[in-house]
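Below you will find the structure I want to go over with you.
The values are calculated or read from the model by the stated rules, or taken from the named source; none is laboratory data. If you're wondering where the values come from, they're calculated on a predicted model, not measured in any experiment. Using ideal geometry, Cβ is built from the backbone for each residue, glycine included, and neighbour counts are taken over all protein chains shown.
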Amino acid sequence: VLCEENLFSSKTEKEIHQQRATIESAIRGRVDFETHAVKLGGIQGHLDEICRSSRIYMIAMGTSTHAALATQTILTTLTNKSVSVMQATQFLDMDEPISKSDLCIFISQSGETADSKHALDYCNQAGALTLGITNVVGSSICQNTSCGIHVNAGVEVGVASTKAYTSQYICLVLLGIAIAQAHSITGSRVREMSIEIIDALRELPGKTEEVLNQKAKIRHLAHLIQEKQATIKESTMFNREQSNSLYILGRGFQYAVAREAALKIKEIAYMHAEGLCASELKHGPLAMVQDNFPTILFALKDRYQEHAFNAMNQLVSRGCVPFVFITEGDELELARNFKCKENVPFHIALPKSTPCLQGILAVIPMQLLSLYLAQARGCNVDQPRNLAKSVTV
Ligand code: G6P
């Protein structure tokens, strides 16, 4: 059944395809591309206080936690502060000592997630400065935080969050730049980095479209994963767990992509998927790997690429050739690093962006992959079993 206003078979599919526009609206009116200045109206009055904060906590649940994870490194660099990422429940379980000098950022699509709201109450009682990053205007988290940023992604209906995630990601990066600029860190690496990110943001909507145009390749990848799983099912070398599993590996900025990809695949395709930091392979997960075990590896152009290629060869030497995502122009780099006599692995090249934004261009193919796997397995994409869009109790 196709949604009448569009040729999409589900709201989730439609929301994935809206991301060129939603990414644009997360940026619109907030960035001056000529002067490279960032202005976030909802936090302007609190910017001095934000800059004075000693530590930053990012607190959320589900996909929103991955937006925090994806931007933790760049926020640390841009703000020169210690930045922690915590699930709201983990944060409460730890009785984390919070003080007035802490900035606590609450990321929530709905603004109504009960666990995040409890953690917010805790931070408010401790007198911390609280900042909400939400998609639903007027939600509880908007109302109970000292200041905030709306992600402007429009209503999200699919239970699995897609367009809200990429917009949260952008808002967090913009927040980092706004703090760096308010600190007046001039002539430094941070200033150059902010300019580079802003220039890359200008090109991001167009590159998002380029990624969405690669959907035939992603559909083929879904098919190849299923083919591998079918081979495993017939082989006596493997046990039942291995035949419905998928590893997704990333390092640095791609670790959050791997985690979010695995969550999307579990949520809507009911397939066991694990998002791992590529460096963790040899500390346990490698034991599951044998011939044909399906794995996806991100080896995009950044300072972690060499480590990603190392992980690729660890897999290859166990007979498992991963599907690899690289950056456009890195085809020869992949071939050069592939230590095996066979043909280079099946790979998909993504448009190049500045390292901290590549996670946006890399997560979109993973959203599409989860969708195609779900469709192939006959799952209800918009309303996955046992899940709710917003967990308010
Ligand atoms: C539920 C939804 C997830 C979402 C999470 C956090 O588990 O199924 O898609 O990521 O809640 O929701 P929030 O609205 O706080 O971002």
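If you take the residues of the stretch 25-41 that are part of a helix (DSSP H, G or I) and touching a residue at least 40 places away in the same chain (Cβ under 8 Å), which of them is surrounded by the fewest Cβ atoms within 10 Å (Cβ to Cβ)?
Among those that are part of a helix (DSSP H, G or I) and touching a residue at least 40 places away in the same chain (Cβ under 8 Å), it is SER25.
Give the residue, chosen from MET58, MET86, MET94, that is within 16 Å of the ligand (Cβ to nearest atom) and surrounded by fewer than 21 Cβ atoms within 10 Å (Cβ to Cβ).
MET86
Can you name the residue in the stretch 362-393 that is surrounded by 19 or more Cβ atoms within 10 Å (Cβ to Cβ) and over 17 Å from LYS11 (Cβ atoms) and, of all such residues, is farthest from the chain's Cα centre (by Cα)?
It comes out as LEU373.
Right, next: Starting from the stretch 378-393, take each residue that is over 23 Å from SER116 (Cα atoms) and part of a loop (DSSP other than H, G, I, E, B) and list its partners that are within 12 Å of the ligand (Cβ to nearest atom) and small (Gly, Ala, Ser), counting only C-beta distances under 8 angstrom and pairs at least six apart or across chains.
VAL381/GLY158; VAL381/ALA160; ASP382/GLY158
Here's something else I'd like to know. For HIS307, work out the one condition from (1) under 16 Å from the mean Cα position of the chain (by Cα); (2) farther than 27 Å from TYR270 by Cα it doesn't fulfil.
(1)
Could you list all residues from the stretch 119-136 that are of a type in the set (Val, Ile, Thr) and part of a strand (DSSP E or B)?
THR130, ILE133, THR134 - these are the residues of the stretch 119-136 that are of a type in the set (Val, Ile, Thr) and part of a strand (DSSP E or B).
Considering only the stretch 20-31, I want to know if a residue exists there that is in contact with a Lys or Arg (Cβ under 7 Å, 6 or more places away or on another chain), farther than 23 Å from LYS117 by Cα and within 16 Å of the ligand (Cβ to nearest atom).
Yes: one or more hits.
For the structure I just gave you, tell me whether VAL316 is crowded, with 16+ Cβ neighbours inside 10 Å and closer than 16 Å to ALA222 by Cα.
In short, no.
Could you look through the stretch 99-128, keep only residues that are over 18 Å from MET61 (Cβ atoms) and surrounded by 20 or more Cβ atoms within 10 Å (Cβ to Cβ), and pick out the one that is farthest from the ligand (Cβ to nearest atom)?
In this case the residue turns out to be ASP102.
Here is a follow-up. Assess whether LEU297 counts as being away from the ligand (no atom under 16 Å from the Cβ), under 17 Å from the mean Cα position of the chain (by Cα) and under 30 Å from SER243 (Cβ atoms).
So LEU297 fits the description; yes.
All but one of (1) outside any helix (DSSP H, G or I); (2) on the phi < 0 side of the Ramachandran plot hold for LEU315, so report the exception by its number.
(1)
Turning to a different aspect of this structure: Out of curiosity, is SER116 hydroxyl-bearing (Ser, Thr, Tyr), in a loop (DSSP other than H, G, I, E, B) and more than 21 Å from GLU15 (Cα to Cα)?
Criteria not met by SER116.
Out of the residues in the stretch 133-160 that are out of contact with any His (no Cβ under 9 Å at 6 or more places or on another chain) and small (Gly, Ala, Ser), state the one that is nearest to THR63 (Cα to Cα).
Residue satisfying both the conditions and the ranking: ALA160.
Scan the stretch 153-207 for residues that are over 24 Å from THR134 (Cβ atoms), modelled with pLDDT under 95 and either within 16 Å of the ligand (Cβ to nearest atom) or of a type in the set (D, E, K, R) (or both) and jot them down.
ARG189, ARG191, GLU192
Then there's this: Being more than 19 Å from THR65 (Cβ to Cβ) and among the small types (Gly, Ala, Ser) is the filter; apply it to the stretch 130-147 and report the residue that is farthest from the ligand (Cβ to nearest atom).
Here the residue is SER146.
So is SER194 under 22 Å from ARG52 (Cβ atoms) and surrounded by fewer than 20 Cβ atoms within 10 Å (Cβ to Cβ) or not?
Here the answer is no, as SER194 does not meet what is asked.
Going by the structure shown, is GLN367 at pLDDT 95 or above and assigned to a helix (DSSP H, G or I)?
yes
Given the options THR73, THR89, name the one that is among the polar types (S, T, N, Q), closer than 17 Å to ILE170 by Cα, in contact (Cβ under 8 Å) with a residue 24 or more places away in the chain and not in a loop (DSSP other than H, G, I, E, B).
Testing whether each residue is among the polar types (S, T, N, Q), closer than 17 Å to ILE170 by Cα, in contact (Cβ under 8 Å) with a residue 24 or more places away in the chain and not in a loop (DSSP other than H, G, I, E, B) leaves just THR73.
Follow-up. Test GLU15 against the stated conditions and say whether it is within 16 Å of the ligand (Cβ to nearest atom), in contact with a helix residue (DSSP H, G or I) (Cβ under 7 Å, 6 or more places away or on another chain), part of a helix (DSSP H, G or I) and acidic (Asp, Glu).
Yes, satisfied.
Among the candidates ALA278, ALA262, ALA269, ALA256, single out the residue that is closer than 21 Å to ARG318 by Cβ and either within 11 Å of the chain's Cα centre (by Cα) or within 16 Å of the ligand (Cβ to nearest atom) (or both).
ALA262
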